[in-house]
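Some notes on the structure that comes next.
The values are calculated or read from the model by the stated rules, or taken from the named source; none is laboratory data. This structure is a prediction, so every number in the text was calculated from the model and none was measured. Here Cβ is always computed from backbone atoms with ideal geometry, including for glycine, and neighbour counts include all displayed protein chains.
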Amino acid sequence: MTNTEQFLELEKEQLDKLNTIVLKTVEEEKLLSEKLLEFEDRNPPFVSRMTDKIAQFGGSWKFVISFALVMALWIILNSYFFIHPFDPFPFIFLNLVLSTIAALQAPLIMMSQNRKEEKDRQRAVNDYMINLKSEIEVRNLHGKLDLLMTEQMKTLFEIQKTQMNLMEDIRKLVDTGKRQVKK
């Protein structure tokens, strides 16, 4: 086998090793992606969706403005337009309604926040897994670079050895030619 054939064979082996490493890395990526998709809550229960929507509305400007309008309307109607108001001045019934709304709204908002906190916790786990995957990728890249460096050094030493042998052969030919010229 000539030096060129050996060199090409060595390059082919090196490319095969790199190809194996890349394929392994791609397979790991697929597994990680599939694992991350498992954690997503794609179909939350009806109660959870309803709680999220109520909390979303309860924490919006629409709620604040509409609630202020209802309160103003309640007070105006009870104070000025009815001879016998259904809720006279200390507005005891209004206080009861407000307390009931507050008593119901607080737990609903807390349940929604708990769900969001769980989602955040899961995102943190996913971020950790992605960071771990990145660390593995960096290590794989270092391994690939080390492999390339090692293989290139071997190749360079083999080329240098071949060049040294060729130079030695040329020197011998020159020395032989000088001897023949002297004779």
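Of all residues assigned to region 93-114, none qualifies as being assigned to a helix (DSSP H, G or I), closer than 30 Å to THR20 by Cβ and polar (S, T, N, Q).
Keeping to region 62-89, report how many residues are out of contact with any Asp or Glu (no Cβ under 6 Å at 6 or more places or on another chain) and not in a loop (DSSP other than H, G, I, E, B). Lay out the reasoning, then the answer.
Pass one, region 62-89, residues out of contact with any Asp or Glu (no Cβ under 6 Å at 6 or more places or on another chain): 62-77, 79-89.
Now restrict to residues that are not in a loop (DSSP other than H, G, I, E, B): 62-77, 79-81.
Number of matching residues: 19.
With respect to (1) under 30 Å from MET50 (Cα atoms); (2) touching a residue at least 24 places away in the same chain (Cβ under 8 Å), the lone exception for ILE136 is condition (1).
Could we say that LYS119 is closer than 30 Å to GLY58 by Cβ, under 34 Å from the mean Cα position of the chain (by Cα) and in contact (Cβ under 8 Å) with a residue 40 or more places away in the chain here? Lay out the reasoning, then the answer.
Values: closer than 30 Å to GLY58 by Cβ: yes; under 34 Å from the mean Cα position of the chain (by Cα): yes; in contact (Cβ under 8 Å) with a residue 40 or more places away in the chain: yes.
So LYS119 fits the description; yes.
Just the residues that are aliphatic (A, V, I, L, M) and farther than 30 Å from GLN56 by Cβ, please, taken from region 122-145.
The first filter runs over region 122-145 and keeps only residues aliphatic (A, V, I, L, M), leaving 124-125, 129-130, 132, 136, 138, 141, 145.
Across region 122-145, the qualifying residues are LEU132, ILE136, VAL138, LEU141, LEU145.
Within the set LYS183, LYS144, LYS178, LYS133, the sole residue that is more than 28 Å from GLU5 (Cα to Cα), modelled with pLDDT under 90 and within 54 Å of the chain's Cα centre (by Cα) turns out to be LYS133. Tallying residues that are surrounded by 12 or more Cβ atoms within 10 Å (Cβ to Cβ) and aliphatic (A, V, I, L, M) within region 56-76 yields 3.
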